[in-house]
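Contents: one structure, followed by commentary.
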């Protein structure tokens with residue numbers, strides 16, 4: 001019982017530190033920035049779901065996963081991840097930011 005209480009206290013400490021620093025969920029790290037990325041995490045999770053659907057279709061064990069819906073979710077997550085990385089000059093852009101060429105003409 002004492003060991004269980006110590007484990008609970010350690011877990012509470014770890015969770016408290018994570019919430020204090022704004023890390024409520026484990027995220028997949030983006031290889032370019034090195035920070036956790038929600039869109040990349042969604043791509044990762046959806047690809048696992050597609051793989052489970054394919055294995056289930058092959059083995060007839062996980063027939064509850066609709067492979068068409070799993071692929072649609074994967075396509076949507078991939079589009080979210082790749083489309084937000086697109087820009088004309090190779091840098092990330094944000095909505096509402098002015099480009100430097102607009103500032104120089106004023």
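FYI, it's all coordinate maths here, none of it is from the lab. Here the structure is a predicted model, which means the values were calculated and not measured. Backbone-built Cβ (ideal geometry, glycine too); neighbour counts: all protein chains shown.
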Report task. Obtain the nm distance between the two label points defined at residue 66 and residue 7 by a simple spin-label model: each point lies 7 Å from its Cα along the Cα-to-C-beta direction. Result -> 3.9
Query - Residue order, fewest to most surrounding Cβ atoms within 10 angstrom, among 74, 44 - result: 44, 74
Query raised in the report: Mind listing P(r) for region 31-86? All alpha-carbon pairs, 10 Å bins, whole percents.
Result: 26, 42, 23, 10, 0
